[in-house]
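Nothing in this text is a laboratory measurement; each read-out follows from the coordinates by a stated rule. These figures come from a predicted structure and were not determined experimentally. All Cβ positions, glycine included, derive from the backbone under ideal geometry; neighbour counts span all protein chains shown.
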Amino acid sequence: MTVEIRPAEDADRRPLALLFAAVAEERDGIAAEPPVDVEKWAERWNIERSIVAVDDGAIVGEISVSQTSFGYGEIGMMVASNRRGRGVGSALLTAAIDRARARGLHKLALSVFPHNEAAIALYRKFGFVEEGRRVKHMRRASGDLWDLIEMGLQL
């Protein structure tokens, strides 16, 4: 599979919002749940911190690094369900780590649901380690309270 990894562009706003809505619809990989206002998300998407994975003209993944004033970056990532396990996440993480190092960040951090074993395995493959757990931290639309695992990578 050949996927192009590049910085997000203004024209990517709507495709990114549509991918976000599709991943949110799954209700188990990212914090967001439906309904997602695609137009609102497209309008306010922070393009400057996003890197996209593009295959055959379609955005199939995205990673964002929110740089803090404390020298570390917070990661958020999503990959289209039909592209998972095929190298997209690895390509995005590689690009994000390279960008973070180039910007002089000393660390990357992320939160992941404990049941998202594939994502946790991917992060571990890149050297992220579990740093803590937020117990019953996220209230879901169902009313359930989900834990978050906090992971970090020293750069």
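Worth pointing out:
- All conditions in (1) hydrophobic (A, V, I, L, M, F, W, C); (2) surrounded by fewer than 17 Cβ atoms within 10 Å (Cβ to Cβ); (3) touching a strand residue (DSSP E or B) at 6+ places or on another chain (Cβ under 7 Å); (4) assigned to a loop (DSSP other than H, G, I, E, B) hold for residue 105, with the sole exception of (2).
- Here residue 45 meets the list (1) surrounded by fewer than 19 Cβ atoms within 10 Å (Cβ to Cβ); (2) within 21 Å of residue 4 (Cα to Cα); (3) of a type outside the set (Gly, Ala, Ser) almost entirely, failing just condition (1).
- If the condition is being closer than 19 Å to residue 24 by Cβ, in a helix (DSSP H, G or I) and free of Cβ contacts under 8 Å to residues at least 40 places away in the same chain, then segment 108-132 contributes only 118.
- Residues being in contact (Cβ under 8 Å) with a residue 12 or more places away in the chain and more than 18 Å from the chain's Cα centre (by Cα) - total across segment 133-145: 5
- Criterion: closer than 23 Å to residue 131 by Cα, surrounded by 13 or more Cβ atoms within 10 Å (Cβ to Cβ) and either without any contact (Cβ under 8 Å) to a residue 24 or more places away in the chain or not β-branched (Val, Ile, Thr) (or both) - qualifying residue of 99, 13: 99
- The set of residues in segment 64-90 being under 12 Å from residue 123 (Cα atoms) and part of a helix (DSSP H, G or I) consists of 89, 90.
- Those residues of segment 55-85 which are surrounded by fewer than 16 Cβ atoms within 10 Å (Cβ to Cβ) and more than 18 Å from residue 101 (Cα to Cα), in sequence order: 56, 57, 58, 81, 82, 85
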